[in-house]
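The values are calculated or read from the model by the stated rules, or taken from the named source; none is laboratory data. From a predicted model like this one, the values you see are computed outputs, not experimental measurements. No Cβ is skipped: glycine too gets one built from the backbone with ideal geometry, and neighbour counts run over all protein chains shown.
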Amino acid sequence: MSGEVIAKNYQITQLAEVEPTPCACGEARRAFINDKNSVASMHIVDIKQDSELHFHKKMTELYYVLEGKGHIELDGEVHSLSPGTAILIKPGCLHRAVGPSLKILNVPVPKFDPEDEYHA
């Protein structure tokens, strides 16, 4: 299977085939962002060393560390990250993940909206 499958009641995306998009944390491959009825989106994010502190007013984010080690800053507190770590980031939480070889699964709820990203 390749590319994207869009059916009435489901979608399938091969994230490895999605072009990366620059984001506050590095580069993201995003799925399910173009469906107006989608309640969430799913991203694979390659975290960069100098990611930007930011927050969201509406969006909750779920992070799951897939590869690498690093740390995350959450409202000024620093926490270590390694594979298998799961994080829930609520609206208003100032955050950034840092790690030169860190890869995460990010699930924004509601789906990612670039208008809901505010930089510190």
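Computed quantities for the displayed model
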{"quantity": "Test: residue in region 3-13 that is crowded, with 16+ Cβ neighbours inside 10 Å and under 25 Å from Arg96 (Cβ atoms)", "calculated": "no"}
{"quantity": "Inter-residue pairs, beta-carbon under 9 Å, first under 8 Å from Val98 (Cβ atoms) and in region 42-57, second of a type in the set (Ser, Thr, Tyr) and modelled with pLDDT under 95, 6+ apart", "calculated": "Ile47/Ser101"}
{"quantity": "Scope region 1-28; condition at negative phi, among the small types (Gly, Ala, Ser) and part of a strand (DSSP E or B); matching residues", "calculated": "Ala28"}
{"quantity": "Complete set of residues in region 61-70 that are of a type outside the set (Phe, Trp, Tyr) and surrounded by 16 or more Cβ atoms within 10 Å (Cβ to Cβ)", "calculated": "Glu61, Leu62, Val65, Gly68, Gly70"}
{"quantity": "Scan of region 4-24 for residues that are closer than 27 Å to Pro83 by Cβ and of a type in the set (Val, Ile, Thr), ordered by number", "calculated": "Ile12, Thr13, Val18, Thr21"}
{"quantity": "The one condition in (1) within 20 Å of Thr85 (Cα to Cα); (2) surrounded by fewer than 19 Cβ atoms within 10 Å (Cβ to Cβ); (3) charged (D, E, K, R); (4) in contact (Cβ under 8 Å) with a residue 40 or more places away in the chain that Glu27 fails to fulfil", "calculated": "(4)"}
{"quantity": "Residue tally, condition modelled with pLDDT of 95 or more and over 12 Å from the mean Cα position of the chain (by Cα), over region 21-54", "calculated": "2"}
